[in-house]
Amino acid sequence: MTKLREARLDDLADPGKKALRLLHDALGDRAPVEIRESTALRGLLDTPERSRTAVLVDFGDGAIGRTKGADLTRALIGQGIAPSCAPRSEREGGTAADIAAQDIVAGWVLGDLRPIRGTQQSPARQTAPAGPLWKKLRALPPAEQRARIGAMRKAALSCGDSGALDQLPGGASR
């Protein structure tokens with residue numbers, strides 16, 4: 001954590017611990033084991049830093065920088081499973097597809113679909129694409145749900161041609 005952000009440690013501590021515990025419960029040994037600030041220098045159009053073992057936070061992201069408590073836990077879970085591939089120029093919470101993916105994975109872990117707060121997307125704009133995909137995901141058997149969430153994580157971490165939402169029945173993020 002940079003010196004500039006040390007004041008945010010108290011706000012991040014409890015939600016971060018809870019998010020890591022819930023991520024471990026959901027993903028087992030594939031879950032991130034730490035939360036750290038993304039400090040890698042990158043240009044406006046560069047893809048954000050990725051990590052399989054850490055939830056990387058960017059305090060410039062409104063979902064991380066402007067939320068606390070349960071809302072911050074939800075944002076950390078979303079970022080931990082389906083980190084945004086959006087370049088900094090589009091970031092402020094990510095693209096509509098990135099945010100919908102984070103809403104869905106956080107909802108899957110927490111048991112309810114709610115919009116992640118602090119993004120530039122309105123709650124209605126977030127839930128419009130996420131709602132139907134959420135229902136289709138929840139209709140699958142639990143093992144298939146876990147497999148789809150794992151595929152979403154893999155797609156989000158690779159930032160390849162296939163997006164996280166593409167891993168859901170009926171999903172297409174591009």
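Using beta carbons and a limit of 6 Å, which pairs, at least six apart or on different chains, have the first residue in the stretch 102-129 and at negative phi and the second one open to solvent by 40 Å² or more (accessible area, probe 1.4 Å)?
GLY107/LEU113; PRO115/PRO123; PRO115/THR127; ARG117/ASP71; GLN120/GLU92
Within the stretch 96-123, how many residues turn out to be open to solvent by 40 Å² or more (accessible area, probe 1.4 Å), more than 20 Å from HIS24 (Cβ to Cβ) and aliphatic (A, V, I, L, M)?
1
Restricted to the stretch 143-160, and to residues that are over 17 Å from ALA31 (Cβ atoms) and not small (Gly, Ala, Ser), which residue is surrounded by the fewest Cβ atoms within 10 Å (Cβ to Cβ)?
This residue is GLU144.
Under 7 Å between Cβ atoms, which residue pairs at least 6 apart in sequence (or on different chains) link something in the stretch 145-174 that is of a type outside the set (A, V, I, L, M, F, W, C) with a partner that is open to solvent by 50 Å² or more (accessible area, probe 1.4 Å) and in a loop (DSSP other than H, G, I, E, B)?
So the pair list comes out as GLY163/ARG174; ASP166/ALA172.
For (1) out of contact with any Leu (no Cβ under 9 Å at 6 or more places or on another chain); (2) over 23 Å from ASP61 (Cβ atoms); (3) modelled with pLDDT of 90 or more, each residue gets a yes or a no:
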{"site": "SER84", "(1), (2), (3)": "yes, no, no"}
{"site": "GLY93", "(1), (2), (3)": "yes, no, no"}
{"site": "GLY111", "(1), (2), (3)": "yes, yes, yes"}
{"site": "LYS136", "(1), (2), (3)": "no, yes, yes"}
{"site": "ALA143", "(1), (2), (3)": "yes, yes, yes"}
{"site": "ALA151", "(1), (2), (3)": "no, yes, yes"}
{"site": "ASP161", "(1), (2), (3)": "yes, yes, no"}
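Condition check: among the acidic types (Asp, Glu), surrounded by 14 or more Cβ atoms within 10 Å (Cβ to Cβ), in contact with a helix residue (DSSP H, G or I) (Cβ under 8 Å, 6 or more places away or on another chain) and modelled with pLDDT of 85 or more. Does ASP58 satisfy that?
No: the conditions fail for ASP58.
The values are calculated or read from the model by the stated rules, or taken from the named source; none is laboratory data. What you are looking at is a predicted structure, and each value in this text was computed from that prediction instead of being measured. Reconstructed Cβ throughout: ideal geometry from the backbone, glycine too, with neighbour counts over all protein chains shown. With ligands, DNA and RNA removed, areas are computed over all heavy atoms of the protein, side chains included. Shrake-Rupley method; radii C 1.70, N 1.55, O 1.52, S 1.80 Å.
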